[in-house]
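Student: Okay, handing you the structure first.
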Amino acid sequence: MSVAVTERIDANGTSIAFSRRGSGLPLILLHGAEADHSMFDAFAALLAPHFSVLAYDQRDSGGTRNPPTPYGLADLADDAAALIAALGHERAHVFGTSLGGVIAQVLAVRHPERVDRLVLSSTFRAGISPLSINPEVFAKLGALRAGLPGSAAEIARYFFPDGHIARHPEVVGIFSGSSRTADQRQRRAGILARPIAVDLGRITAPTLVLAAAEDCLIPPAHTLSLAGEIVGARPE
């Protein structure tokens, strides 16, 4: 079995922490807003026989260290492009889920030369607030965040199926709120508030859009609608 190796590299003015496992064509994994690269531990192990899997921590996540200034989706997409180049790759396959899927959209528009194949999973359109897509559920999630760390297990159920949590109880810790300082949480919360206009029709990478029927955060129909804006995208 391939074992993940944790490394660090400077890219786009940020010291990016990432894990690397497997061999083959590079595959970059972009995590969700609440998480860090460890959310992909089980997934990366399944992918490692086929790819060189690179799961990294975004700004103010995990072991990554970035300047203490506000940033938005464009900055996070530029980080991903710089990481691919810094690791010596001309381009990489890119998988993004939730907020990571939004970053992946912006990456594919801003840096098409860095993206080989694109997978957007359980995500929403760049430039749209998720609160406008599912206001009732996101309001409940906000209330649960106020009850951390005691509500971490309940929050985890919005992001992972019960079966996965039972097999990997450590994922509950992702949502405990203890991994980020107040300043880090504030900067992360401001990401989607910074306006950005993204023309998904400019995405040239072959794209797969994945939606889960049991997704209780982002309505599957919204995720699948992304395929209608991306030329040749395949929805599943």
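Student: Just to confirm a number: summing +1 for Lys and Arg and -1 for Asp and Glu over residues other than residue 6 whose beta-carbon lies under 15 angstrom from that of residue 6, what do you get?
Tutor: Around residue 6, the charge tally is 0.
Student: OK, next. Rounded if a/c is under 1.5, else prolate if a/b beats b/c, else oblate: with a ≥ b ≥ c from the C-alpha gyration tensor eigenvalues square-rooted, which is the chain?
Tutor: rounded
Student: Once both labels are modelled 7 Å past Cα along the beta-carbon direction, what's the residue 189-residue 140 spacing in nm?
Tutor: Reported label-point gap for residue 189 and residue 140 is 2.2 nm.
Student: Right, next: Write down Rg/Rh for the range 7-117, rounded to two decimals, with Rg from the C-alpha atoms and Rh from the Kirkwood relation over Cα pairs.
Tutor: Working: Rg = 12.4 Å, Rh = 13.5 Å.
We get a ratio of 0.92 for the range 7-117.
Student: What full-extension length gain, to one decimal in nm, is calculated for residue 46 and residue 89 as 0.36 nm per residue of separation minus the Cα-Cα distance? Present the calculation step by step, with values, prior to reporting the outcome.
Tutor: Working: separation 43, 0.36 × 43 = 15.48 nm, distance 2.20 nm.
Going from the current span to full extension adds 13.3 nm.
Student: Which whole-number percent is the relative contact order of the chain (Cα, under 8 Å, 6+ apart)?
Tutor: 19
Student: Okay, next question. In terms of the Cα gyration tensor, with a ≥ b ≥ c the square roots of its eigenvalues, is the range 180-236 rounded because a/c is under 1.5, prolate because a/b exceeds b/c, or oblate?
Tutor: Oblate, since a/c reaches 1.5 and b/c is not below a/b.
Student: Another one. Tabulate in residue order the Karplus-calculated ³J(HN,Hα) for the range 172-179, using 6.51 cos²θ - 1.76 cosθ + 1.60 with θ = phi - 60°, rounded to whole Hz; enter x for Gly and Pro.
Tutor: Once rounded to whole Hz, the list reads 4, x, 4, 9, 6, x, 8, 8.
Student: Also, I was wondering about something else. Quick check: Cα centre of the range 166-201 to Cα centre of the range 91-158, how many Å?
Tutor: 8
Student: Another question about this same structure. For the range 5-84, what is the relative contact order in percent, using Cα pairs closer than 8 Å and at least 6 residues apart in sequence?
Tutor: 36
Student: What number comes out for accessible area per residue over the chain if the probe is 1.4 Å? Units Å², please.
Tutor: On a per-residue basis, the chain sits at 46 Å².
Student: Could you look at the chain and say what percent of its accessible area is carbon and sulfur, using a 1.4 Å probe and all protein chains?
Tutor: 57
Student: May I pose another question? Would you pull out the residues with amide H under 5 Å of residue 208's amide H, same chain only if 5 or more places away, H placed 1.01 Å from N?
Tutor: 118, 119, 120, 234
Student: To continue, here is another question. I want to verify the translational diffusion coefficient of the range 1-65 in µm²/s; compute it with Stokes-Einstein, Rh as the Kirkwood radius over Cα pairs, at 10 °C and 1.306 mPa s.
Tutor: My calculation gives 136 µm²/s for D.
Student: Using the Karplus curve 6.51 cos²θ - 1.76 cosθ + 1.60 with θ = phi - 60°, what ³J(HN,Hα) values do you get for each residue of the range 22-30, in whole Hz, with x for Gly and Pro?
Tutor: Ordered by residue, 3J(HN,Hα) equals x, 8, x, 5, x, 10, 8, 10, 10 Hz.
Student: Indicate, rounded to the nearest 5 percent, the antiparallel portion of the DSSP beta bridges found entirely in the chain.
Tutor: Bridges in the chain are about 40 percent antiparallel.
Student: To continue, here is another question. With the crude spin-label approximation of a point 7 Å out along Cα→Cβ, what separation in nm comes out for residue 221 versus residue 131?
Tutor: The answer from the label model is 2.3 nm.
Student: Related question: Which of rounded, prolate, oblate describes the range 59-105, given a ≥ b ≥ c as roots of the alpha-carbon gyration tensor eigenvalues and a/c under 1.5 marking rounded, otherwise prolate only if a/b is larger than b/c?
Tutor: Oblate, because a/c is 1.5 or more while a/b does not exceed b/c.
Student: Hey, for a label at residue 117 modelled as a point 7 Å past Cα toward Cβ, could you say which residues of the range 18-49 have their backbone N under 12 Å away?
Tutor: What the label zone holds, given the 12 Å backbone N cut-off, is 25-28.
The values are calculated or read from the model by the stated rules, or taken from the named source; none is laboratory data. Computed from a predicted model, the values in this text were never measured in an experiment. All Cβ positions, even for glycine, are placed from backbone atoms using ideal geometry, and neighbour counts span all protein chains on display. To get the accessible areas, we keep the full protein, side chains included, count just its heavy atoms, and leave off ligands, DNA and RNA. Shrake-Rupley method; radii C 1.70, N 1.55, O 1.52, S 1.80 Å.
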